[in-house]
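Worksheet: the structure to be examined is printed underneath.
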Amino acid sequence: MAISPKARPYLLVLTLVLVVAGIVVAEMPHERQAAPTTTGATPGAPTPPVAGRDGGAGAGDPYYPEDGNTGYDVLAYDVDVEYDPATRRLEGVATVTARATADLDRFNLDLYRLQVTGVDVRGQAADHHQEGDHELVIVPPSPLVGGEEFTTTVRYGGEPTVVEDRALGRSGWQVSRGGGAFAAGEPHSATTWFPANDTPRDKATFALTARVPEGWSVMSNGLLERDPVTTGGRTEFRWVARDPMATYLTTIAIDRWTVERSTLPDGTPVVDAYAPGAENARAHQRRLPEVLAFLAEEFGPYPFEAAGGIFLADEIGFSLETQTRPVYAGWADLETVVHENAHQWFGDSVSLESWADICLNECFASYAQWLWDEAKEGGDLDARYLGELERVGDRDSYWGRRLYDMGRGNEFRGVYDKGQLALHALRRQIGDEDFDEVLKGWIAGHRGGNASWPEFEAHVERVSGQDLDGFFAAWFRGDGVPADEYLYPGSLRR
């Protein structure tokens, strides 16, 4: 994710205010409401708790412990929605294919403020009720057996609700300025428009069938499985993404798109979509083949079956690395294209284990911008690094932001700028050859999966043969100015 230039000073100021005031960052707005609301197979009769083997509500993320669920592993989402921009109403049927990881009498999915009208498990009606803002509790007609593969079909509808975030503004489902809609956001987005196991640990394939009024069109992840078909004044689109992805990397975008198709030199299909008013973005996106070729040299082969971009005219607070096809805000520039596509390796192919590990996504995508500047513009990164050190001095508002395990609400307050310095220092600490091996080996070793920051530290030490505990403590786990031995390693030494 790239942050709007207008938002960056705000993040620094907010950090300083919190430090001065001694305030603990408030809980994010994704928290459940205390009083549950219920629906069920019998209207008005919520299903009572079932004694026995329950799938856990919450996957145990240290910052968002109620996100996601346990007891099963999702294999595939197949989402079918109909949306009318005039009424802003969404009607959906989601089929979730999963494998039980334990014997279960009940389990949960996450769905944010949309009304569930029916649930089937294994093709049979299942009791269900909704709790708080986003918990859907499901009781199958008969217990699930550990290791069993099963399908759950959820019928739901309503007007999707945006998630308000104090740092990044609005995320999830949003109405675009042209009257359409799109879904993008981090860490929460997917559940504003379909039921999911909303944790990045549970990656799954994703397919979307979407019907919209004639004249509108739909963009999403992956590839169009078939040509759009218009019947009865509505056009149906079918998108399929065969590489597993974290739920927050899914997207739907509805607008009167101008769509351009091309292929990369290796034959990978590229689909780009421009909203009315976003035509100027073409100049940046036309360099996508060059960008992806460069990133492949740095990180290894491009990891997915499709590429492209979705360019909004809306001035939202971020652009996001939605898998195969990033969503770009109206302010996005070439550096943003580099950043979001670097995420296809760091964040999408190799996804974080928990939100404490966000540096694995943002630090590397941000440093990719420096690498691009060095390779394409002749930038002197040592000079840039030293200039940044001089600019920030010993400001606690800068150095006090940890890059690993920074605390809930602080995930995006240091990883972009301080993260660039930290990775450049690491590169100088271990040398270019080992740094190159670190990047490529990390991606190759974790492709399609999840990984944590402690695993990355161990990986760097294996490749370099160095004991780097002091370095990582100073730069990534610490909240002060690193000692000179870590601040000026290698060619940076004064």
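The values are calculated or read from the model by the stated rules, or taken from the named source; none is laboratory data. All values reported here derive from a predicted model rather than from experimental measurement. Please note: Cβ atoms are built from the backbone with ideal geometry, for glycine as well, and neighbour counts cover all protein chains shown.
Within the range 208-216, is there a residue that is farther than 27 Å from Ala278 by Cα, in a strand (DSSP E or B) and within 23 Å of the chain's Cα centre (by Cα)? First the steps, then the outcome.
So in the range 208-216, the residues farther than 27 Å from Ala278 by Cα come out as none.
Checked the range 208-216: no residue is farther than 27 Å from Ala278 by Cα, in a strand (DSSP E or B) and within 23 Å of the chain's Cα centre (by Cα).
Inspection of the range 109-124 finds no residue satisfying the criterion of being among the hydroxyl-bearing types (Ser, Thr, Tyr) and more than 30 Å from Pro213 (Cβ to Cβ).
Results for (1) part of a strand (DSSP E or B); (2) in contact with a helix residue (DSSP H, G or I) (Cβ under 8 Å, 6 or more places away or on another chain); (3) buried (at least 17 other Cβ atoms within 10 Å of the Cβ); (4) not hydroxyl-bearing (Ser, Thr, Tyr), shown as yes or no for each residue.
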site: Val81; (1), (2), (3), (4): yes, no, yes, yes
site: Thr87; (1), (2), (3), (4): no, no, no, no
site: Thr97; (1), (2), (3), (4): yes, no, no, no
site: Phe107; (1), (2), (3), (4): yes, no, yes, yes
site: Val119; (1), (2), (3), (4): yes, no, yes, yes
site: Pro141; (1), (2), (3), (4): no, no, no, yes
site: Phe150; (1), (2), (3), (4): yes, no, yes, yes
site: Trp173; (1), (2), (3), (4): yes, yes, yes, yes
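In summary, Arg413 fulfils each of the numbered conditions (1) in contact with a Ser or Thr (Cβ under 6 Å, 6 or more places away or on another chain); (2) buried (at least 22 other Cβ atoms within 10 Å of the Cβ); (3) at pLDDT 95 or above with the single exception of condition (3). Pairing residues of the range 237-248 that are over 9 Å from Leu224 (Cα atoms) with residues that are surrounded by fewer than 19 Cβ atoms within 10 Å (Cβ to Cβ), at Cβ distances under 6 Å and at least 6 apart in sequence or on separate chains, gives Arg242/Thr205; Pro244/Thr205. The listed residues are Thr70, Thr117, and the only one of them that is within 28 Å of Val218 (Cα to Cα) and among the β-branched types (Val, Ile, Thr) turns out to be Thr117. Determine whether Gln344 is assigned to a loop (DSSP other than H, G, I, E, B), in contact with a helix residue (DSSP H, G or I) (Cβ under 6 Å, 6 or more places away or on another chain) and either crowded, with 24+ Cβ neighbours inside 10 Å or assigned by TED's automatic domain parsing to the domain that holds Asp243 (or both). It is false that Gln344 is assigned to a loop (DSSP other than H, G, I, E, B), in contact with a helix residue (DSSP H, G or I) (Cβ under 6 Å, 6 or more places away or on another chain) and either crowded, with 24+ Cβ neighbours inside 10 Å or assigned by TED's automatic domain parsing to the domain that holds Asp243 (or both).
The helices (runs of 4 or more DSSP H) falling completely within the range 428-491 that include 3 or more residues that are outside the structural domain of Pro62 (by TED's automatic domain parsing), within 23 Å of Leu386 (Cβ to Cβ) and at pLDDT 95 or above map to 432-446, 469-472, 484-487. Scanning the range 213-271 for residues that are hydroxyl-bearing (Ser, Thr, Tyr) and either exposed (fewer than 14 other Cβ atoms within 10 Å of the Cβ) or not assigned by TED's automatic domain parsing to the domain that holds Asp198 (or both) turns up Thr230, Thr231, Thr263.
Just one of (1) surrounded by fewer than 20 Cβ atoms within 10 Å (Cβ to Cβ); (2) under 20 Å from Arg477 (Cα atoms) fails for Arg427. It is (1).
Restricting Ala196, Ala246, Ala207 to those that are within 30 Å of Arg408 (Cβ to Cβ), modelled with pLDDT of 95 or more and out of contact with any helix residue (DSSP H, G or I) (no Cβ under 6 Å at 6 or more places or on another chain) reduces the list to Ala246.
Given the criteria within 23 Å of Trp239 (Cα to Cα) and basic (Lys, Arg), does Arg122 qualify? So that I can check it myself, show each step before the final result.
Details: within 23 Å of Trp239 (Cα to Cα): no; basic (Lys, Arg): yes.
Considered against the rule, which asks whether it is within 23 Å of Trp239 (Cα to Cα) and basic (Lys, Arg), Arg122 comes out as no.
If you go through the range 152-171 and keep only what is part of a strand (DSSP E or B), surrounded by fewer than 17 Cβ atoms within 10 Å (Cβ to Cβ) and of a type in the set (S, T, N, Q), you end up with nothing.
One line per residue, one yes/no per condition, for (1) touching a residue at least 60 places away in the same chain (Cβ under 8 Å); (2) under 21 Å from Ile358 (Cα atoms):
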site: Gly431; (1), (2): no, no
site: Ile443; (1), (2): yes, yes
site: His446; (1), (2): yes, yes
site: Gly449; (1), (2): yes, yes
site: His459; (1), (2): no, yes
site: Asp467; (1), (2): no, no
